[in-house]
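Colleague: This structure is in C-alpha cells; I'll ask about it shortly.
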Amino acid sequence: MEIKIWSDIRCPFCYIGKKKLEAALEKFPQRDQVEIVWKSFQLDPSLHTDPNTSTLDYFVKIKGVTKAQARQMFHGAISMAEEVGINLNIEKGILANSFRAHQLIQLAKTKGMGNEIEEALFRAHFEEARNIDDIEVLALISESIGMKGEEVREKLKSDAFAYEVKQDEMEAQNIGVRGVPFFVFDDKYAISGAQPVEAFLETLEKVWEERKPELRIFESDSCSRDGNCN
C-alpha cells in the first residue's frame, strides 16, 4: 500500500497528523507493507525568512491581534500536539520560508530517508526553534540522520530538486489539494487534516481489504475430496 502525504514543515497540523498516522500504523498488522511517500507543499511560497521574528510575533502582525489573543488561538493546536508527544514552541519558533527544507526532503527521498528527514525537520522547526531556511542548519539536521552534510550544502546552494518541489505542488493542485496535511491512500481514498487515529486506522483497513484479489471460480472438469469426478 502506498500513502502519499502532502505537507509543509511550517504546518503544526502536518506534524500532528504525521504522529497520528504513525500511531494508526502501529495498530495495523500489515504496516511493514505500507510505503510512505512525502510530497512538498508550501503554505506561503512568498514568505520572507526573518530569524529575528518569532512565529508568534508574525501571527500577531498579520492577524492584527494581541499576543494574548494569539496564544489563545494557538491553544487548540498546542493541546493536540501534547496529546501525541509534541511540544510546540510557538513563542520562539523562527519565521522561515520552507522551500529549502522541501529541497532537502526531495534529496533525502532519493536515499530512502524521507520519513527520517521529515521528523527531523518538524522537530527542528517546532520544538528546537531552528531556522529551516539556513543552509548550515539544514546540513546539520541532515547529518543527524546519517546524510552527508557537504552534499546537502552543495545541493542547496543550487536549484537542485527545485523542479521536484514544484512538481509535487502542481500534482497537489491537479487533484484539488487546498490545505495540508493531505493523505492519499493507494490513489483511491484521501484524508484531509490531522484526523483522529481511528480514522487513519479505518482507512488503512478499508484500503487493505480492497487490495485483496477477488476469488473467482471457473467450473470445469474436476474431482472432489469424496472421490466424485465430473
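The values are calculated or read from the model by the stated rules, or taken from the named source; none is laboratory data. Given the structure is predicted, the values throughout are model-derived calculations rather than measurements. Ideal geometry is used to build each Cβ from the backbone, glycine not excepted, and the neighbour counts take in all protein chains shown. When the accessible area is computed, the model is the full protein with side chains, heavy atoms only, and any ligands, DNA or RNA have been set aside. Shrake-Rupley method; radii C 1.70, N 1.55, O 1.52, S 1.80 Å.
Colleague: Of all residues in region 189-209, which are out of contact with any strand residue (DSSP E or B) (no Cβ under 8 Å at 6 or more places or on another chain), open to solvent by less than 60 Å² (accessible area, probe 1.4 Å) and over 22 Å from residue 12 (Cα atoms)?
Modeller: Scanning region 189-209 gives a single hit, 208.
Colleague: Another question, if that's okay. Which residues, taken from region 113-140, are of a type outside the set (Val, Ile, Thr) and within 17 Å of residue 6 (Cα to Cα)?
Modeller: Going through region 113-140, the residues of a type outside the set (Val, Ile, Thr) turn out to be 113-116, 118-131, 133-134, 136, 138-140.
The answer is 113, 114, 115, 116, 118, 119, 120, 121, 122.
Colleague: Is there a residue in region 68-84 that is on the phi > 0 side of the Ramachandran plot and either open to solvent by less than 40 Å² (accessible area, probe 1.4 Å) or small (Gly, Ala, Ser) (or both)?
Modeller: The initial filter retains those residues of region 68-84 that are on the phi > 0 side of the Ramachandran plot, namely none.
There is no residue in region 68-84 that is on the phi > 0 side of the Ramachandran plot and either open to solvent by less than 40 Å² (accessible area, probe 1.4 Å) or small (Gly, Ala, Ser) (or both).
Colleague: Something else: Could you say whether any residue in region 47-54 is part of a helix (DSSP H, G or I) and more than 17 Å from residue 126 (Cβ to Cβ)? Talk me through it step by step, then tell me what you get.
Modeller: Taking region 47-54 as the starting set, the residues that turn out to be part of a helix (DSSP H, G or I) are none.
No.
Colleague: If you go through region 178-194 one residue at a time, how many are under 14 Å from the mean Cα position of the chain (by Cα) and either without any contact (Cβ under 8 Å) to a residue 40 or more places away in the chain or farther than 17 Å from residue 36 by Cα (or both)?
Modeller: From region 178-194, those under 14 Å from the mean Cα position of the chain (by Cα) are 179-185, 190-194; that's our starting set.
From what is left, the residues that are either without any contact (Cβ under 8 Å) to a residue 40 or more places away in the chain or farther than 17 Å from residue 36 by Cα (or both) are 179, 190-192.
Residues flagged as under 14 Å from the mean Cα position of the chain (by Cα) and either without any contact (Cβ under 8 Å) to a residue 40 or more places away in the chain or farther than 17 Å from residue 36 by Cα (or both) within region 178-194 amount to 4.
Colleague: Also: Residue 100 fails exactly one of the following numbered conditions: (1) open to solvent by less than 60 Å² (accessible area, probe 1.4 Å); (2) closer than 16 Å to residue 7 by Cα; (3) in a helix (DSSP H, G or I); (4) touching an Asp or Glu at 6+ places or on another chain (Cβ under 8 Å). What is the number of that condition?
Modeller: (1)
Colleague: Still on this model: Tell me yes or no: at least one residue of region 198-207 is in a helix (DSSP H, G or I), at pLDDT 95 or above and within 30 Å of residue 54 (Cα to Cα).
Modeller: No, that holds for no residue.
Colleague: Could you check, for region 126-140, whether at least one of its residues is surrounded by 20 or more Cβ atoms within 10 Å (Cβ to Cβ), in a loop (DSSP other than H, G, I, E, B) and aromatic (Phe, Trp, Tyr)?
Modeller: No: zero hits.
Colleague: Does residue 92 fit the bill of being basic (Lys, Arg), assigned to a helix (DSSP H, G or I), more than 15 Å from the chain's Cα centre (by Cα) and surrounded by fewer than 15 Cβ atoms within 10 Å (Cβ to Cβ)?
Modeller: Numbers: basic (Lys, Arg): yes; assigned to a helix (DSSP H, G or I): no; more than 15 Å from the chain's Cα centre (by Cα): yes; surrounded by fewer than 15 Cβ atoms within 10 Å (Cβ to Cβ): yes.
It is false that residue 92 is basic (Lys, Arg), assigned to a helix (DSSP H, G or I), more than 15 Å from the chain's Cα centre (by Cα) and surrounded by fewer than 15 Cβ atoms within 10 Å (Cβ to Cβ).
Colleague: Which members of region 142-187 meet the condition of being in contact with a Ser or Thr (Cβ under 9 Å, 6 or more places away or on another chain), open to solvent by 60 Å² or more (accessible area, probe 1.4 Å), at pLDDT 95 or above and among the charged types (D, E, K, R)?
Modeller: 148, 164, 166
Colleague: Separate question: Take the residues in region 43-67 that are under 25 Å from the mean Cα position of the chain (by Cα) and of a type in the set (A, V, I, L, M, F, W, C), then tell me which one is surrounded by the fewest Cβ atoms within 10 Å (Cβ to Cβ).
Modeller: Step by step, filter region 43-67, then rank; the result is 43.
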